[in-house]
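This report concerns only the one structure given below.
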Amino acid sequence: MSLLIDIHCHLDHPLFEGKLDETIKNAEKAGLKVVLTAGINPETNRKTLEIAEKYDIVKAALGIYPVQTLQKEIETGSYPLKPNIFDIDEEIEFMRKNKNKISAIGECGLDYSQNEDPKKQKDLFLKQISLAEKTKKPIIVHSRKAEADCVDILETSKSKKIIMHCFSGKKSLVKKIDDNGWFMTLPTNIVRSHQFQFIAEYLPITQLFCETDSPYLSPFKDKRNEPSFVIEAYKKLAEIKKMELKEVVNNVWMNWQRVF
Ligand SMILES: [Zn+2]
């Protein structure tokens, strides 16, 4: 396989520190042609650009993660999101200025799990939707406990280049996403997750991507995730669609070429 894509991961994560050369080498050996790494705030957006500049197969997505407007520390595994006081409009401007260096806007979206003001989050999300429209970039969307609002807001967008990452909303919302012609990603933990197995079955192959969300969502219980493991999501997708692995890989590659 040589046209694999990891459509979403976080190579700037501290767990990859000092191990990036090896991680990228593994990805190349596994046949990855594209690794799309996403920033979530000013600090990680800058790191993301640096990493994308350094490695040929790595492409950058810049974004402001919804809970970044929350002024308290949130522990998410080993990636504490520190209270991050910054000017949102300045950061959006930074993203716009770097539009020629990036492949997508995101990770952005809505997340109501931390009890943050939904109004504030929606404003932030709308600014990034508008930036994606203006720059004609696809948008990588995160939603947690806010799936219905997320779909509603996105339906106001003129863009069809919408990629719902790790979507865990209800079946009726998956149906809406399908009807709208948007894309969904299948993360590597699809090997255990019935939700993602359902999405793999429900959506046509022309609307699917695979991702690792590494270092999270490993397909292997005792191993930190990395882009080379994206093959596990492809394999599961091939099994569910009853297609040859090669055919699945080619189809997803065509999706990439259509959207990016
Ligand atoms: Zn992510």
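Structure notes:
- Selection from region 42-64 of residues that are open to solvent by less than 10 Å² (accessible area, probe 1.4 Å) and either in contact with a helix residue (DSSP H, G or I) (Cβ under 9 Å, 6 or more places away or on another chain) or in a strand (DSSP E or B) (or both): Asn45, Val58, Ala60, Ala61, Leu62, Gly63, Ile64
- Evaluated against (1) more than 13 Å from the ligand (Cβ to nearest atom); (2) touching a strand residue (DSSP E or B) at 6+ places or on another chain (Cβ under 6 Å), Glu53 falls short on exactly one condition, (2).
- If you go through region 183-206 and keep only what is open to solvent by less than 30 Å² (accessible area, probe 1.4 Å), more than 16 Å from the ligand (Cβ to nearest atom) and touching a residue at least 40 places away in the same chain (Cβ under 8 Å), you end up with Ala200, Ile205.
- Neighbours by Cβ (under 6 Å, 6+ apart or cross-chain): first from region 15-44, aliphatic (A, V, I, L, M); second within 16 Å of the ligand (Cβ to nearest atom) and in a helix (DSSP H, G or I): Ala27/Pro227; Leu32/Pro227; Val35/Pro227
- Residues located in region 163-182, provided they are open to solvent by less than 10 Å² (accessible area, probe 1.4 Å) and within 16 Å of the ligand (Cβ to nearest atom): Ile163, Met164, His165, Phe167
- Enumeration of residues in region 1-24 that are more than 13 Å from the ligand (Cβ to nearest atom) and within 16 Å of the chain's Cα centre (by Cα): Leu4, Ile5
- The set of residues in region 1-22 that are part of a loop (DSSP other than H, G, I, E, B), modelled with pLDDT under 95 and touching a Phe, Trp or Tyr at 6+ places or on another chain (Cβ under 9 Å) comprises Met1, His13.
- Number of the exception - Leu126 against (1) away from the ligand (no atom under 16 Å from the Cβ); (2) without any contact (Cβ under 8 Å) to a residue 24 or more places away in the chain: (2)
- Screening Gly106 against (1) out of contact with any Asp or Glu (no Cβ under 9 Å at 6 or more places or on another chain); (2) assigned to a helix (DSSP H, G or I) leaves a single unmet condition, (2).
- Residues that are assigned to a loop (DSSP other than H, G, I, E, B) and either touching a Cys at 6+ places or on another chain (Cβ under 9 Å) or modelled with pLDDT of 95 or more (or both) within region 109-137 comprise Lys136, Lys137, listed in sequence order.
- Restricting region 157-188 to residues that are polar (S, T, N, Q) and at pLDDT 95 or above leaves a set whose member that is farthest from the chain's Cα centre (by Cα) is Ser172.
- Residues of region 1-40 satisfying the condition of being more than 21 Å from Phe260 (Cβ to Cβ) and open to solvent by 10 Å² or more (accessible area, probe 1.4 Å): Pro14, Leu15, Glu17, Gly18, Lys19, Leu20, Asp21, Glu22, Lys25, Asn26, Lys29
Every residue, every condition in (1) of a type in the set (Asp, Glu); (2) open to solvent by less than 10 Å² (accessible area, probe 1.4 Å), yes or no:
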{"site": "Asn100", "(1), (2)": "no, no"}
{"site": "Ser103", "(1), (2)": "no, no"}
{"site": "Gly109", "(1), (2)": "no, yes"}
{"site": "Gln114", "(1), (2)": "no, no"}
{"site": "Asp117", "(1), (2)": "yes, no"}
{"site": "Phe125", "(1), (2)": "no, yes"}
{"site": "Ser130", "(1), (2)": "no, no"}
{"site": "Ile139", "(1), (2)": "no, yes"}
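- Qualifying position, being modelled with pLDDT of 95 or more, basic (Lys, Arg) and under 20 Å from Thr185 (Cβ atoms), among Lys54, Lys25, Lys33: Lys33
- Matching residues in region 208-252 - criterion: being closer than 21 Å to Glu107 by Cα, open to solvent by 10 Å² or more (accessible area, probe 1.4 Å) and in a helix (DSSP H, G or I): Ser228, Phe229
- Identity of the residue in region 25-50, under 18 Å from the mean Cα position of the chain (by Cα), closer than 29 Å to Glu247 by Cβ and not polar (S, T, N, Q), that ends up nearest to the ligand (Cβ to nearest atom): Ala38
The values are calculated or read from the model by the stated rules, or taken from the named source; none is laboratory data. Computed from a predicted model, the values in this text were never measured in an experiment. In this analysis, Cβ positions are derived from the backbone assuming ideal geometry, glycine residues included, and neighbour counts consider all displayed protein chains. Ligands, DNA and RNA are stripped out before the accessible areas are found, and what is left, the full protein with its side chains, is counted by its heavy atoms. Shrake-Rupley method; radii C 1.70, N 1.55, O 1.52, S 1.80 Å.
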